[in-house]
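The values are calculated or read from the model by the stated rules, or taken from the named source; none is laboratory data. Just so we're clear, the structure is a prediction, and the values are computed from it rather than from any experiment. Every residue, glycine among them, receives a Cβ derived from its backbone with ideal geometry; neighbour counts consider all protein chains shown. Each accessible area value is taken on the protein alone, full model and side chains, heavy atoms only, with ligands, DNA and RNA left out. Shrake-Rupley method; radii C 1.70, N 1.55, O 1.52, S 1.80 Å.
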Amino acid sequence: MPSASATDADDLLRALQKARAWEARGQVQVTVLFPPRDVPTKMMGKLPVLPLRPGAVVKTFTVVKAGPETLAGRAVTRFELTPLNVGAARWRLWVDDAWNVPLGFEERGADGALARQALFQKVNLRLVKGQGPSLSVAPGLRAAVQGAVPGLRVPAGFTPVSVQQKDRRVEVTLSDGLNTLALVLAPRNVKAAPGVASRQVGGRFVWLVGNLPQEALKAALSQVRRVDESALGTFLAPAASKP
């Protein structure tokens, strides 16, 4: 059985930081069941990029490692990540023991249902230079989002990390370091689906989309009183135009 250690989170943090500069290549089987899609499984040459903020991950998740295990013929350590927000998705990451970079990950909802999985089937002999995203939170963004959507109850552990304008919609990304939610301000409603909640406020609609229980999504929007995109001020930069 895995046993918690004060160094488990530190070990994971070192691996995630290294993965920003180096990555494995080979054959990766990727399965995405949430949101649903016609062809849930495909092959890729490397792991899909996750919107990681390593420092936030080790603060909002309990990290426990287990092992030894083998993945794609290589010795790995499995890290179990349990969110402090019991409704958020939990994760497993498999980290190569020699290279100290991830060779696989798995996301499961609070109900245990598999949402995403990506595992190397074959691994090339050497790592290659990577360029992982560097995500940081601009000062004042959380206050600006609360001003734009008064009454919003941001789910525990999540914080706004980016804002983007797309046509007549504004999309705010909320992150707990690994899981993300999309808060959308739009002139129209969204089609009902698992992982989607919406609320009409005046002439606008507010959506919240992500891998949280349906009641948690609804509760986050239940006290929203109005929508005022102008409160986002300079954070509200339009999306780059296509050439």
Computed P(r) (all Cα pairs; region 123-216; 10 Å bins; percent): 14, 44, 26, 10, 6, 1
The chain: angle of helix 8-18 to the longest principal axis, Cα-based, in degrees nearest 10: 80
Anisotropy class of region 147-190 from Cα gyration tensor, a/c 1.5 cut: prolate
Filter on 129/166; 42/122; 18/42 - keep pairs with C-alpha separation over 22 Å: 129/166; 18/42
For the chain: span of alpha carbons on each principal axis (Å, largest first): 57, 45, 38
Sparse-neighbourhood loop sites, trypsin sites (Lys or Arg not before Pro) in region 1-60 - DSSP loop, at most 11 other Cβ within 10 angstrom: 37
Neighbour net charge for residue 110 - beta-carbon separation under 12 angstrom, K R +1, D E -1: -1
Mean accessible surface per residue for region 106-243, computed with a 1.4 Å probe while every protein chain stays in place, in Å²: 53
Accessible-area composition of region 79-146, carbon plus sulfur, in percent [1.4 Å probe]: 51
Total formal charge among the other residues, if their Cβ is under 13 angstrom from that of residue 54, Lys/Arg +1 and Asp/Glu -1: +2
Equivalent-ellipsoid semi-axes of region 1-103, from the Cα gyration tensor, Å, largest first: 22, 18, 13
Proximal charge balance of residue 153 [Cβ under 14 Å; K/R count +1, D/E count -1]: +3
Dipole in debye (nearest 20) - region 94-243, about Cα centre, beta carbon charges: Lys, Arg +1; Asp, Glu -1: 560
Added length on full extension, which subtracts the Cα-Cα distance from 0.36 nm per residue, residue 39 to residue 86: 13.9 nm
